Each structure stands twice: as structure tokens, then as C-alpha cells.
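A.B. asks: Structure in C-alpha cells, see below.
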Amino acid sequence: MEVKHNESFGSGFLWGAATSSFQVEGAQKEDGKGLSVIDVMKKNPNITDFSVASDHYHRMEEDVALMAELGLKVYRFSIAWTRIFPEGNGEVNQKGVDFYNRLIDELIKQGIEPLVTIYHFDYPQGLVEQYGGWMSRESVDDYKNYAEFLFKTYGDRVKYWLTVNEQDHVVRIPSRLGLTGDDRYEQMRLGYQANHHMCVATAKTIELYHSMGLSGKIGPAVSYSMVHPATSAPEDVLASKDAMLIKHNYLLDLHCYGVYSKPFQKYLEDRQFTPKMEDGDLELMKQNPPTMIGVNYYFSETVQAFPVSEKYPLGYQKEALLAEAESGVFEVVKNEKLQATDWGWEIDPVGLRLTLRELHERYQLPIIITENGMGAYDKLEDDGSVKDDYRIAYLKEHIKQVKLALNDGVDVFGYCAWTFMDVVSGRNGMDKRYGFVYVNRENFDLKDMRRIKKNSFYWYQEVIQSNGEKL
Ligand code: BGP
């Protein structure tokens, strides 16, 4: 639909940027912090580890000053569970608690709203060792107790909480669950059990949040993006619908409605993936839906039908990081209409508007974009500049589509670019940068860690100053 009247972003629109604890903080073993599944993960020898990251733990004040200069209205960060509870449960580590108190106070002093992710990939290794982590029902109460501690400690200043980051990815990535070995099928089965426990833990935590009389907003940050059909063949259209269900919608259907939809139940049963549940679990979810949805959007996918065959029997999955094909359901193909980043992520700004529309129509909750950005090989020039005009182009086109979605009537109340400053990419180390601020280090050469404003920093500063009018 084309729009005649292009309304503005509202006056309270939250312009922001995001990071996550393990990718930005460093100080991996300092001040009493315990180990997370990320810290013990088998290393890819070609990229860096996360031990120093962007050294934000030691340079927090300097970094928040840069956020203020950029004009951020909101800063999304995550709390490292193992800084608070080194083993995941039990003893509290006061030095870790103090760090986030200082960060939150500093943000508020600068007029920046903190948006806190309770758990962003760095699950305590201690809980994996105690009882198998998310695969065990015991995980539910430990998550809830951890969240309760955060609400009691920071809830007077933090009004926006994200429960779990990209649960839909976590349950499909064995190392994020602390799983080892190479029985992929068993890992998938365990992933769906973990998924169920995370949903129960989220619902209990939301129930607790309300019972404590806290009145901010709380909800998950999901990776959610449109899956387009490769052609108008009805089989491909069905494949795109099914891919949307098993990649994205199944999860928000649980969070928002407490429902395993019938087609998803069948999908699980056919593969013997159905998780164990307790009476009352689904009702608990239904009674305690999120009050907002955080959405991480980078690219869209395009799929075609992928029938079961002798070569690809039911249960076959072609894995890149996440399934690129599932027999009987879909196969991801290249979209000839879209350009891609250096990492093959197809750039699709209109896909963001479609995504926001889809979320709005299905779940009718306020939405905040919790991640959106472009990973690239940035170059620090001899004159000290970083000319990331490709990133400006990417962000500009996506923000235009957010505005169009607002005009469509979608309740989007904020936008966080990924990332505020360069951080260690999940899989590509320092090669793949996203920030408005360049961090002067390479994968293995830590250099001086100097912070350098990129061209995109000055551009985003104007976007915020003009409340999205000057793009
Ligand atoms: C999301 C994660 C982030 C971040 C981002 C970019 O899935 O929530 O933590 O890593 O993706 O991913 P990458 O660094 O692999 O490009």
C-alpha cells in the first residue's frame, strides 16, 4: 500500500542502539564473574574469543559519554547472568551487581533510558554442570530467581525488560545450550524441551513482574523476519508459510497465547520432538503474555518447497547455522531481487515493514526494534575516519520502512540499531563490524582499543536530533 500522508515519529520515540554483555564487556574472568556457555565454547581458531571484547567493562563511563553525544534516548544492553550469580544460582557476586548499578546510574544521569536484556546467549555453565541447564525443569526457577533479583535491584530505574534474546536461535544452536557431541537429531529434540522450559520460565517471570507491582514493559527479543515464497507456485507459498511457523511464529504463539498450534504439534510429533509438559504450563503462558515484543531484524529469507525423498528423508536438515532446508518443509534459495551483505545476508528493508505488519496483525502488542544493522569490513583510514556509507544507506532504508509501518498503524515505540560500538561478532570476530563507533582492535591484535566515531555516528546523531525527519 502506498501512503498519502506520511506521519512523523512520535515525540517520545525511543531512538537507540544495542549491545550484549559477552560481545562488548570483556573482563571475562574478572571481579568474581563465573563462566558461561560462551566462555567454554569450542573456539573457532580463525576468529577471536570474547575474553577482552570491546573492553567496555573498564571503559564504561567513556562509552556512555559517547552514547550521550550521539543523542541516544535508549540503550539496550544485557546483564551477564554469571556476573550476578557466578554459578547461575546460589551466592550473589556484589562486584557484578555494582557494575550494572553504575552503568544504569550513568545512563540515567545522561538522560538515556536503560533497556535491559535479562539473558542474551551467555547462560551459566554452572547450571549446565549442575543439572543439564535448560533441558532440565530445574532451570525454570533459577531463571525466575535471577530475574527477581534484577527486578528488586534495578527495577526502580529500569522500565523496559527483555526476557530472553533470540530463544528461537538458542534452541537450535547446541553450544548455546551447553550441548556437546554430534548427534544433531537428539540435540534438536533437546532443543524443543529447552524451548518449553524457557517459555514456562518467561511466563513465571512475567507473572512475578506484575505481582511485584512493577509497571514497565516486559517481553522477549525474537529474531523474526519474513520468509518469502520463491515463486507464485502454491507449493512454494505453502513452504514459506510453514517456514514462518517453524522458524518464528511457533514461539510467539506460545509466549502470547500459550498455544502449540496444530500444524506445529504435527511437525513435532512426526519428528518425535514433542517436549514433556506439566499440567497448567500452557494456561500459565496464556495468563502471562508479554506486554511488548522486541524484534531483531537483519534480512529476509526466500524459500521453495522441499519434498521428502529417499535422499532427504523426513527429519533431514541442512544446517548452516540455522536450518537452510528441512525435508518436507522448505529450502532456502537466493532471492534474485535482493542485494546481500558480504556475509550473504539479503538486504530487504521492505521485509522489515512486512515483519512489523505481521507481528502487529498476529499479536497486537507494542513493538520495539531491538536489533537492526549491517555487518561489514570497515576500514580505518589514515586520516582517522571510517567511511561507512554503506551502513548509512542500509539504516536509512530500514528506518524509512519503520516510518511506513507506523503509518500503517503498527505500534512501534523504539528502534535500536545493532550496535552502538563495534563488538565481537557472534561468529565472525572483529571482521564483521556493526557499530557507530569504531573500536581500534583486530581479532588478535588488541592495539589501543581507541573509540573512533564513524561517518554513521554523525549521520545517526542528526536522525535523532530531527526525530527521524532528516534521514
Ligand atoms: C543476533 C544476536 C546478536 C548479534 C547479531 C549479529 O542474532 O542477537 O548478539 O550477534 O545477531 O550477528 P553476527 O554477529 O553473527 O553478525
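A.B. asks: Any idea which of K400, K447 is of a type outside the set (G, A, S), at positive phi, modelled with pLDDT of 95 or more and out of contact with any Cys (no Cβ under 7 Å at 6 or more places or on another chain)?
C.D. replies: K447
A.B. asks: Also: Does V170 satisfy being within 21 Å of the chain's Cα centre (by Cα) and within 16 Å of the ligand (Cβ to nearest atom)?
C.D. replies: In short, yes.
A.B. asks: Which one of these is under 19 Å from K276 (Cα atoms), in contact with a helix residue (DSSP H, G or I) (Cβ under 6 Å, 6 or more places away or on another chain) and modelled with pLDDT under 95: Q187, Q193?
C.D. replies: Q187
A.B. asks: Collect the residues in region 152-184 that are out of contact with any strand residue (DSSP E or B) (no Cβ under 9 Å at 6 or more places or on another chain) and not small (G, A, S), keeping them in residue-number order.
C.D. replies: K152, T153, D156, V171, I173, P174, R176, L177, L179, T180, D182, D183
A.B. asks: Now, a different point. Looking at region 331-449, what strands (runs of 3 or more DSSP E) fall wholly within it and have at least 2 residues that are of a type in the set (F, W, Y)?
C.D. replies: Here the list reads 412-418.
A.B. asks: Further question: Output the number of residues of region 173-200 satisfying the condition of being within 19 Å of K318 (Cα to Cα), among the hydrophobic types (A, V, I, L, M, F, W, C) and within 16 Å of the ligand (Cβ to nearest atom).
C.D. replies: 1
A.B. asks: Mind telling me which of the residues F22, F9, F13, F77 ends up being closer than 23 Å to M449 by Cα, buried (at least 18 other Cβ atoms within 10 Å of the Cβ) and out of contact with any Asp or Glu (no Cβ under 7 Å at 6 or more places or on another chain)?
C.D. replies: The unique qualifying residue is F77.
A.B. asks: Any idea which of T117, T153 is crowded, with 16+ Cβ neighbours inside 10 Å, out of contact with any Cys (no Cβ under 9 Å at 6 or more places or on another chain) and free of Cβ contacts under 8 Å to residues at least 60 places away in the same chain?
C.D. replies: Residue meeting the stated conditions: T153.
A.B. asks: Of (1) more than 29 Å from E361 (Cα to Cα); (2) touching a strand residue (DSSP E or B) at 6+ places or on another chain (Cβ under 9 Å); (3) modelled with pLDDT of 95 or more, Y312 satisfies all except one. Which?
C.D. replies: Unmet for Y312, out of (1) more than 29 Å from E361 (Cα to Cα); (2) touching a strand residue (DSSP E or B) at 6+ places or on another chain (Cβ under 9 Å); (3) modelled with pLDDT of 95 or more: (3).
A.B. asks: How many of the residues in region 197-214 are touching a residue at least 24 places away in the same chain (Cβ under 8 Å) and surrounded by fewer than 22 Cβ atoms within 10 Å (Cβ to Cβ)?
C.D. replies: The number of residues fulfilling the criteria is 6.
A.B. asks: On to the next question. If the requirement is being within 17 Å of S8 (Cα to Cα), within 15 Å of the ligand (Cβ to nearest atom) and in contact with a strand residue (DSSP E or B) (Cβ under 9 Å, 6 or more places away or on another chain), which of these qualifies: I368, I399?
C.D. replies: Selected residue: I368, the only one of I368, I399 that is within 17 Å of S8 (Cα to Cα), within 15 Å of the ligand (Cβ to nearest atom) and in contact with a strand residue (DSSP E or B) (Cβ under 9 Å, 6 or more places away or on another chain).
A.B. asks: Would you check if there is a residue in region 319-338 being more than 18 Å from the chain's Cα centre (by Cα), within 22 Å of A417 (Cβ to Cβ), of a type outside the set (K, R) and at pLDDT 95 or above?
C.D. replies: Yes, because at least one residue in region 319-338 is more than 18 Å from the chain's Cα centre (by Cα), within 22 Å of A417 (Cβ to Cβ), of a type outside the set (K, R) and at pLDDT 95 or above.
A.B. asks: Is there a residue in region 65-87 that is at pLDDT 95 or above and among the acidic types (D, E)?
C.D. replies: Yes, region 65-87 has at least one match.
A.B. asks: Being of a type in the set (D, E, K, R) and crowded, with 21+ Cβ neighbours inside 10 Å narrows it down to one of R391, R427, R441, R450, so name that one.
C.D. replies: R391
A.B. asks: Still on this structure, please answer the following. Restricting attention to helices (runs of 4 or more DSSP H) lying wholly within region 1-90, give those where 2 or more residues are within 15 Å of the ligand (Cβ to nearest atom) and out of contact with any Leu (no Cβ under 8 Å at 6 or more places or on another chain).
C.D. replies: 21-24
A.B. asks: What is the number of the single condition among (1) over 22 Å from the mean Cα position of the chain (by Cα); (2) more than 23 Å from T205 (Cβ to Cβ) that S54 does not meet?
C.D. replies: Here S54 meets the rest and fails (1).
Here's the yes/no breakdown for (1) surrounded by 24 or more Cβ atoms within 10 Å (Cβ to Cβ); (2) of a type in the set (S, T, Y); (3) within 16 Å of the ligand (Cβ to nearest atom):
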position: K403; (1), (2), (3): no, no, no
position: F413; (1), (2), (3): no, no, no
position: C416; (1), (2), (3): yes, no, yes
position: T419; (1), (2), (3): yes, yes, yes
position: D422; (1), (2), (3): yes, no, yes
position: K432; (1), (2), (3): no, no, yes
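A.B. asks: Could you list, ordered by first residue, the pairs with Cβ atoms under 7 Å in which the first is in region 333-352 and more than 23 Å from A305 (Cβ to Cβ) and more than 16 Å from the ligand (Cβ to nearest atom) and the second is at pLDDT 95 or above and part of a loop (DSSP other than H, G, I, E, B), at least 6 apart or interchain?
C.D. replies: Taking only residues 6 or more apart or on different chains, the pairs are Q339/I347.
A.B. asks: Filter region 150-181 down to the residues that are of a type in the set (S, T, Y) and over 25 Å from N93 (Cβ atoms) and list them by number.
C.D. replies: Listed by number, the list holds a single entry, T180.
A.B. asks: Let me ask something else about it. Looking at region 225-275, which of the residues that are assigned to a loop (DSSP other than H, G, I, E, B) and in contact with an Asp or Glu (Cβ under 8 Å, 6 or more places away or on another chain) is nearest to Y192 (Cα to Cα)?
C.D. replies: Across region 225-275, the extreme among qualifying residues is Y260.
The values are calculated or read from the model by the stated rules, or taken from the named source; none is laboratory data. Computed from a predicted model, the values in this text were never measured in an experiment. Reconstructed Cβ throughout: ideal geometry from the backbone, glycine too, with neighbour counts over all protein chains shown.
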